[in-house]
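Participant: Okay, here's the structure, questions in a sec.
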Amino acid sequence: MADLVYPPIIGTARTLFRALDLKIEIIGADNVPRTGGAVLVSNHVSYLDFIFAGWGALKAGKRKTRFMAKDDVFKHRISGPLMRGMKHIPVDRSDGQPAYETAVAALRAGEVVGVFPEATISRSFVLKKFKTGAARMAADAGVPLLPMAVWGTQRLWTKGRPKTLTRRHTPITIIIGEPIRLTPEDRPVMVTRRLRAAMTELLDRAQTTYPDSPSGPDDAWWQPAHLGGTAPTLEVAEAEDEREAGEKAARRAAKAEAAQG
């Protein structure tokens, strides 16, 4: 694929990282395939994760990642042209098959496709349930899964918290695991369990070796509960997600009813 938009975006990101003096550490760089397709699979704790997960693949293996993202992002007047220019893949959650087919075609063409199998940001900062799409795509395209964990990005911008995009000196940890190669006999459900287990280990490592800690009780929100932070537990976070999804569905239904007269 010819890239006209990606290089200047990379340059802008590099400039911002330097201006903010972000302490980005990439571990496991040798695990990034230098050629051929791969499904990059990352946890999701921040609205900025695609930037840092992509940065990890770029810095480690000089690979540009085409992320799958909800189509609302592509409809925005600012982010839309940028996302399309970088050849990211829009996903219509009411009909995901076209996006799936586009992703598989990109993988077969030798691209790295980025996926967040939790689908939405984890308010608890631990892994939620995984969807099987990443495993199915890898199997259909005959490419490996590349597990990754990012940590520290939630301190810049996450769900339910104000943006702190000008925050300086923030450590960001990116850990890339060994590629998971599939065989024709592998079932997507079992592969997804294996993938989740690998990513759990990566995320645990990122969290427990992170070079910073909360400055006090008011700053403990970005730490998961099992490490003494005040982030909600997975169960509480899932209940909040369900409540929010119900409210969004109700608003959409009311809007559709009003449009019908």
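The values are calculated or read from the model by the stated rules, or taken from the named source; none is laboratory data. Bear in mind the structure is a predicted one, so any value in this text is a computation, not a measurement. With ideal geometry, Cβ positions are generated from the backbone for all residues, glycine too; neighbour counts draw on all protein chains shown. Protein only, heavy atoms only, side chains kept; ligands, DNA and RNA dropped before computing areas. Shrake-Rupley method; radii C 1.70, N 1.55, O 1.52, S 1.80 Å.
Participant: How many percent of the accessible area of the chain is carbon or sulfur, using a 1.4 Å probe?
Facilitator: Values: 7400 of 13580 Å².
That share works out to 55 percent.
Participant: Exposed loop sites here are trypsin sites (Lys or Arg not before Pro) in DSSP loop states with at most 14 other C-beta atoms within 10 Å. What is the longest stretch of the chain lacking them?
Facilitator: Details: sites that count: 34, 62, 77, 93, 129, 163, 167, 168, 181.
It works out to 182-261.
Participant: Label-point separation (nm) for residue 129 and residue 12, each offset 7 Å from Cα along Cα-to-Cβ?
Facilitator: 3.7
Participant: A further question on this structure: How many percent of the alpha carbon pairs in region 88-128 exceed a separation of 17 Å? Spell out each step's value before the answer.
Facilitator: Details: 336 of 820 pairs.
Counting pairs separated by more than 17 Å, the tail of P(r) holds 41 percent.
Participant: Rg to Rh ratio, region 107-261, alpha-carbon atoms and Kirkwood radius? List each step's numbers first, then the result.
Facilitator: Details: Rg = 18.5 Å, Rh = 17.9 Å.
Computed over Cα atoms, the ratio is 1.04.
Participant: Another one. Could you work out how far apart the two model spin labels at residue 109 and residue 34 are, taking each label as a point 7 Å from the Cα in the direction of the beta carbon, and quote it in nm?
Facilitator: 2.4
Participant: Grab every C-alpha pair in region 72-148, bin the distances at 5 angstrom width from 0 up to the longest one, and report whole percents.
Facilitator: So the P(r) values, bin by bin, are 3, 14, 22, 23, 21, 14, 4, 0.
Participant: Still on this structure: Past the 23 Å Cα-Cα mark, which pairs from 75/248; 70/129; 70/248; 23/62; 23/129?
Facilitator: Working: 75/248 18 Å; 70/129 18 Å; 70/248 15 Å; 23/62 20 Å; 23/129 30 Å.
Table pairs above 23 Å Cα-Cα are 23/129.
Participant: Over the chain, average the accessible area per residue using a 1.4 Å probe and give it in Å², no decimals. Intermediate values should be presented prior to the final figure.
Facilitator: Details: 13580 Å² over 261 residues.
On a per-residue basis, the chain sits at 52 Å².
Participant: Give, to the nearest whole percent, the P(r) tail of region 1-71 beyond 20 angstrom, counting all Cα pairs.
Facilitator: Numbers: 788 of 2485 pairs.
Every Cα pair in region 1-71 considered, those over 20 Å come to 32 percent.
Participant: So for region 204-253, what are the equivalent ellipsoid semi-axes in whole Å, largest first, each being the square root of 5 times an eigenvalue of the Cα gyration tensor? Mind showing how you got there, number by number?
Facilitator: Values: eigenvalues 182, 26, 17 Å².
Equivalent ellipsoid semi-axes, largest first: 30, 12, 9 Å.
Participant: Now a separate question. In angstroms, what radius of gyration and Dmax does the chain have, counting Cα atoms only?
Facilitator: Final numbers for Rg and Dmax: 18.4, 59 Å.
Participant: Hydropathy at least -1.0 by Kyte-Doolittle, axial extent at least 24 angstrom from the Cα trace: which helices of the chain, defined as entire DSSP H runs, fit?
Facilitator: Details: long enough: 188-208 (29 Å, -0.15); 234-259 (37 Å, -0.91).
The answer, listed by residue number, is 188-208, 234-259.
Participant: Right, something else. Using all alpha carbons of region 33-81, what is the percent of pairwise distances in each 5 Å bin, ordered from the shortest bin to the longest?
Facilitator: 5, 18, 26, 23, 17, 10, 2
Participant: Given a Förster distance of 22 Å, report the FRET efficiency between residue 95 and residue 193 from their Cβ-Cβ distance, rounded to the nearest 0.05. Intermediate values should be presented prior to the final figure.
Facilitator: Values: r = 27 Å, r/R0 = 1.22.
Working from the Cβ atoms, E equals 0.25.
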